[in-house]
Amino acid sequence: MTGGTSFRRPRVMGIVNVTPDSFSDGGRWDTTERAVTHGLQLLRDGADVLDIGGESTRPGATRPLVAEELDRVVPVIRELVAAGAGVSVDTMRAEVAEAALEAGAQIVNDVSGGLADPRILDVVADRGATYVAMHWRAHADRMRDFTDYSPDGVVATVRRELGERLEAVLAAGVPHDRVVLDPGLGFAKTAEHNWQLLMFLDVLETLGCPLLVGASRKSFLGSLLARDGVSRPVDEREHAHAALVALLAARGVDSLRVHDVRATRDALAVAEALSLRQPGQTSWVTTREDEQ
């Protein structure tokens with residue numbers, strides 16, 4: 001953990017799932033009105049950008065029709081942009097990315113890194129948008145079959161496969177300074193894979209792009225907190241996530257994708273406060289002389 005004034009707060013991306021079946025909050029914000037209201041609250045809580053998604057990528061999820069996804073996200077994006085929000089669209093489809101950018105989104109967050117629909121890279125390049133490429137191996141209904149990272153291990157393999165996606169993104173004409181990479185925690189990965197990636201994020205940083213980490217409420221946190229073999233429920237994992245947020249911030253992660261923006265900003269405030277206090281500075285412990 002570095003001291004002095006070197007602390008740089010990660011950007012906070014607040015999640016707005018306009019879906020009936022997302023793993024954490026499916027159905028809570030599945031109308032335009034409720035999704036917009038939720039997005040505005042996340043902004044008040046301190047989100048830097050809102051990530052609007054109309055397709056659940058939880059394990060086993062089935063894909064909506066393109067028209068369904070468009071109907072879910074585009075009206076929400078329009079209203080939030082009109083309210084002054086910076087907006088990302090969470091999609092794997094070129095048609096949805098194009099409509100979202102037309103509606104005012106500035107970022108395309110593609111969990112497939114262009115593998116699900118390679119045309120999405122052309123859309124991003126043509127519109128000059130920022131592109132988040134996540135490590136991905138298969139759609140939600142099949143990704144549990146792709147958790148073998150032998151012989152090199154998960155960290156080296158994810159770095160190599162993300163590097164291949166970065167090359168494809170750059171070849172499509174997206175500038176390097178508009179590319180963000182995401183290790184894809186939970187996507188075709190076991191709990192142990194996720195912890196290894198978090199421990200060695202510096203290996204992924206050698207690709208030369210900012211990193212976005214999305215650990216919020218994911219099952220590996222539930223497994224960590226399990227009691228009597230029963231995983232901690234999704235809505236009871238936020239304390240563990242806040243602890244992880246503080247640690248990631250101390251290590252210089254660029255962006256965090258989260259459900260609970262307020263808890264995240266609280267954890268970041270703690271991380272920043274500690275980073276500004278070095279050995280030899282005034283103690284936090286009040287002495288008798290200080291009280292006089």
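Derivation of every value follows stated rules applied to the coordinates shown; laboratory data play no part. No experiment lies behind these values; they were computed from the predicted model shown. In this analysis, Cβ positions are derived from the backbone assuming ideal geometry, glycine residues included, and neighbour counts consider all displayed protein chains.
Overview of values
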| quantity | calculated |
| --- | --- |
| For segment 82-98, 3J(HN,Hα) per residue [Karplus equation, 6.51 cos²θ - 1.76 cosθ + 1.60, θ = phi - 60°, Hz, x = Gly/Pro] | 4, 7, x, 7, x, 10, 10, 10, 9, 8, 10, 10, 4, 4, 6, 4, 5 |
| Inter-label distance, nm, simple model (7 Å from Cα along the C-beta direction), Arg277/Arg8 | 2.5 |
| Sparse-neighbourhood loop sites, chymotrypsin sites (Phe, Trp or Tyr not before Pro) in segment 149-195 - DSSP loop, at most 10 other Cβ within 10 angstrom | none |
| Phi-based couplings in Hz for segment 197-211 (Karplus 6.51, -1.76, 1.60; Gly and Pro marked x) | 5, 5, 5, 10, 4, 4, 5, 6, 5, 5, 6, x, 10, x, 10 |
| Residue with peak Gaussian network fluctuation, the chain [Cα springs, cutoff 10 Å], from Leu40, Leu268, Leu65 | Leu65 |
| In nm, spacing of pseudo-spin labels at Thr31 and His239 (7 Å Cα→C-beta vector) | 3.5 |
